[in-house]
1. Could you figure out which of (1) open to solvent by 40 Å² or more (accessible area, probe 1.4 Å); (2) in contact (Cβ under 8 Å) with a residue 60 or more places away in the chain isn't true of residue 324?
2. Report the residue count in region 255-277 for those that are in a loop (DSSP other than H, G, I, E, B) and closer than 19 Å to residue 604 by Cβ.
3. Only residues that are modelled with pLDDT under 90 and in contact with a Gly (Cβ under 6 Å, 6 or more places away or on another chain): list them for region 449-470, please.
4. Which count do you get for residues in region 213-222 that are open to solvent by less than 10 Å² (accessible area, probe 1.4 Å) and part of a helix (DSSP H, G or I)?
5. Tell me, which residue of region 52-68 that is open to solvent by 80 Å² or more (accessible area, probe 1.4 Å) and modelled with pLDDT of 75 or more is nearest to residue 226 (Cα to Cα)?
6. Out of the residues in region 1-44 that are open to solvent by less than 40 Å² (accessible area, probe 1.4 Å) and small (Gly, Ala, Ser), which is nearest to residue 227 (Cα to Cα)?
7. Which one is surrounded by the most Cβ atoms within 10 Å (Cβ to Cβ), of the residues in region 133-161 that are out of contact with any helix residue (DSSP H, G or I) (no Cβ under 7 Å at 6 or more places or on another chain) and over 16 Å from residue 222 (Cα atoms)?
8. Being closer than 17 Å to residue 218 by Cα, assigned to a helix (DSSP H, G or I) and in contact with a Leu (Cβ under 8 Å, 6 or more places away or on another chain), is that true of even one residue in region 64-77?
Amino acid sequence: MTHERGPLLVLAGPGSGKTRVITRRICHRLAMGVAPWQILALTFTNKAAREMKSRVDQLVSNGGHGGRGLMVGTFHSFSAGLLRRYGEGSPAAGLAGVALKRDFTIFDADDARTAVKRAMEASGLPKEQWKAATIADWISGEKDQLHTAEESAQGAMDFAERTYARVYAKYEQSLVRQNALDFDDLLLRTARMLRHDASVRESLQGRFTEVLVDEYQDTNHAQFTIAHAIACEHRQICVVGDPDQSIYGWRGADISNILEFEARYPGATVVPLGENFRSTGHIVALADGLIRHNAARPHKDLSTSLEMGVYPVVSRLLDEREEAANAASCLEASQQRGVAWKDMAVLYRTNSLSRTIEDALRHRGIPHVIARGTAFYERREVRDTLAYLRALVNPADDTALARIVNVPARKIGNTTMERITAMATTRMCSLSEALCHSRDAGVTASASRAIDGLMAIIARFRSELEVKPASNLGPFVTRLIEEAHLERAAAAHGDDAQDAEERVANVQEVASAAAEFRLPERDEGAADASLGDALRGFLESVTLVADADMIDPERGAVTLMTLHASKGLEFDTVVIVAAEEGILPHARTVQDPAQIEEERRLFFVGITRCERRLHISSAQNRTVRGVTLQTIRSSFLRDLPVDHLARADESRTIEYEEPTHGGAFPLGSTVRSPFFGLGRVEGRGARGALSVRFRTAGVRTVYPEFAKLELVAPA
């Protein structure tokens, strides 16, 4: 089939060659006489743009057609170029009556985050009560919808949104004053310019007579507006994507852009590409059976001409340690079959789940790397938590103490610390001793009170080390995290709401690791180990396992990564861990059918990363914040066609536990949770979830099993 004129939607399934479609389309249009400078191809990453341009250059040079002047780039780089060329002369590109200057600066994520924090201070918002990451996310979402600060204020629905809008206004004023744009502004101002400035829009429509967009399912409203403004008149637009791989809704991606393409471009040609050239038959059939349970998708049959291959395996293990050992065994089995380590991956829903996997691989001597992230014990919030523990067991550990002085933020400035450090040097004492006498260093009263608060926490917890037994380590670390507000400190460093949530989960995972730790058995007759012994042993074990593994450059290393980060990659062997309710799908999605469908797409993406050998596992028990909880298998496992599955024992059936406690808590009943306290049941969700209004924690969506609910009083 050869398509020449009109809008074209290519529904390209996993492994069907999306990039090849775009590059071949460009080359075909060049061969048909379209000038290179009339073609605009937009994608999402610089790497993808470079690869696309390189492929086109290679193809057109082989075919004798010149490609000079071809515009291939990301939405952000294309928008920056348009604003530098047209923005100064277009009032629509300005804000608050201030025209955009050609020499504007582009703020990176750190610059933008700092500016948001300053806008919060200028708005009089205390950092202890308002999260910068949450407000920054809200502002980003407003910009995705092309709302200025003034428009956001007009549309604010409640006190929180009115507060966010006030910060947005200060933030916007700061950017205008500095002649700076953040990443969202590049799209916002370009979209508004194209929407409201007819002369700029018509100029671009005349130049770019062919518009192509890759990964169209990942476009947000602003990106759709930019592409549509250029293509809406000539309708010569080709988009390639897969709604089944739309997994970035939390980041602003709007799946309706691809689902409603035919409605926006009547008469569009739709070409489904369902043949997978990557994965064997059972894996493709598994993915196809899973994704058919989503309602928000245009149907396409997934198939492959490859052999059926080995059955994907679903395993139910005792706990996360057994699950991690099972993952290591699966990887070793593939390695013994001749598969290189670099062709294997372990995928998980959140970064905090990597800790037990890393431990198991390190124990087996399996080389591994953390993709798009940091090894668990090297993450900032984990190191902060460990520094607190180090400061407890070693009063002379100045490095650990200096790290936590402002964790969480206590407004202890550099000048204060310089004076205290100088006093410690003069008196030849530890930083800990100097901090206990901070007033002698001439620091302000407020700084001294903040220091006293920190040292009181350290003294109180340090006093328990030699009087409590080693078995108390897990609860001890959990309590320290709570009383030192380390979860709040971790969340404050999040780039966005999801990153903040994962950082909090990482801190909680330290408590779980401590609860799992066991000292070696002592000689007969030796004194029982103290809490201090256990803590010192735990910190020693962490230090020893934190060293990087040596990686054989020929065999490479196993990749550990989140399901989100795996999109676009492929591996011979894939292990997906923690297929459990509350993790995959994530607990926060349970009451929103649209989010549940996105979670199912995320699972689909993970499955389709695999070429030959797929292992999916869950644990019957998982430790969270040092407390071991029973889990429920992911409801998504029910969606997998059993004819294409095997259990670890090679039987071809899967047993599912159903939530058993939901009916025991009628609406209006009073319940108690050891985590959230007393509450009243207000609603029911899917798969046994309950909506409970707790007296101290507010409304939470919980699974009775996870929250360990007990009935206090019936309705």
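1. Every condition holds for residue 324 apart from (1).
2. 4
3. Of everything in region 449-470, just one residue is modelled with pLDDT under 90 and in contact with a Gly (Cβ under 6 Å, 6 or more places away or on another chain), namely 466.
4. 3
5. Checked region 52-68; the qualifying residue nearest to residue 226 (Cα to Cα) is 55.
6. It comes out as 41.
7. Only one residue tops the list, namely 161.
8. Within region 64-77, one or more residues are closer than 17 Å to residue 218 by Cα, assigned to a helix (DSSP H, G or I) and in contact with a Leu (Cβ under 8 Å, 6 or more places away or on another chain).
The values are calculated or read from the model by the stated rules, or taken from the named source; none is laboratory data. Not measured: the values here are computed from a predicted model. Backbone-built Cβ (ideal geometry, glycine too); neighbour counts: all protein chains shown. Side chains are part of the model used for accessible areas, which takes the heavy atoms of the whole protein and leaves out ligands, DNA and RNA. Shrake-Rupley method; radii C 1.70, N 1.55, O 1.52, S 1.80 Å.
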